[in-house]
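The values are calculated or read from the model by the stated rules, or taken from the named source; none is laboratory data. Since this is a predicted model, take the numbers as computed values, not measurements. With ideal geometry, Cβ positions are generated from the backbone for all residues, glycine too; neighbour counts draw on all protein chains shown.
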Amino acid sequence: MKPSSTRTRKRTAPRKISSELTAAIAAALDKKAEDILVLDLTKASAFTDFFVICTGGNRRQIQAIADAIVDAVGARGAKPALVEGYERGEWVLIDYFDFIVHIFLPATRAFYSLERLWADAERVAVESGPVHGVEGSKGPKVQGSKGPKVQGS
C-alpha cells in the first residue's frame, strides 16, 4: 500500500511587532522622520528581525530622531546595544538586537540603498495613528504588506 501523500503544511505564526519597535517608529514619526520603511527580515538569514529605515533632512534632525528613539524605547526598559554615527549625523545606526534603526541623510540613504540590498525582505506598512491591537496607544499602525512596495518612492 502506498503511503499517504498528504503533506503537512507548516503554519506560520503571525508576526509579532514588539512594543519597543512600535515605540521607535512612533518616536521617528514624532520627530518628522521621512520615508519610514520597516523591513521584516525574519525569513531571511539575517542577524536581526527588523530594519527600520528613515530619513532626516539634516544632521540636527537625524540626531533628534535618534535621541527620541533611544528615549522612547528606553522608557520601555530597553537600551541599545550599539549606537553608531551619531556625531557625524549622516547615518545613525541604533542596534536593539531584535531590530536595528537606520537614520539617514537623503544622499547617504540613496548611496547605501539598504532597500535594494534587502530587496527580498517583506515590507511592513507603517501608518501614523494608534498601534494595531494596543488599546489606548498613540503610536503607528504597523502591518505586513506582501508586495515589494517601497514607501516614499
When only residues in segment 90-127 that are among the β-branched types (Val, Ile, Thr) and at pLDDT 95 or above count, which is nearest to Phe50 (Cα to Cα)? Ile100
Going through segment 45-74 one residue at a time, which ones are under 17 Å from Ile17 (Cβ atoms) and surrounded by fewer than 17 Cβ atoms within 10 Å (Cβ to Cβ)? Ala46, Thr48
For residues that are more than 18 Å from Ala119 (Cβ to Cβ) and either β-branched (Val, Ile, Thr) or without any contact (Cβ under 8 Å) to a residue 40 or more places away in the chain (or both), tally how many sit in segment 37-76. 13
Those residues of segment 20-40 which are assigned to a helix (DSSP H, G or I) and hydrophobic (A, V, I, L, M, F, W, C) amount to Leu21, Ala23, Ala24, Ile25, Ala26, Ala27, Ala28, Leu29
Which condition number in (1) in contact with a Pro (Cβ under 6 Å, 6 or more places away or on another chain); (2) at pLDDT below 95 is the one that Thr42 fails? (1)
Report those strands (runs of 3 or more DSSP E) wholly inside segment 41-128 carrying at least 3 residues which are under 13 Å from Ile25 (Cα atoms). 50-55, 99-104, 122-127
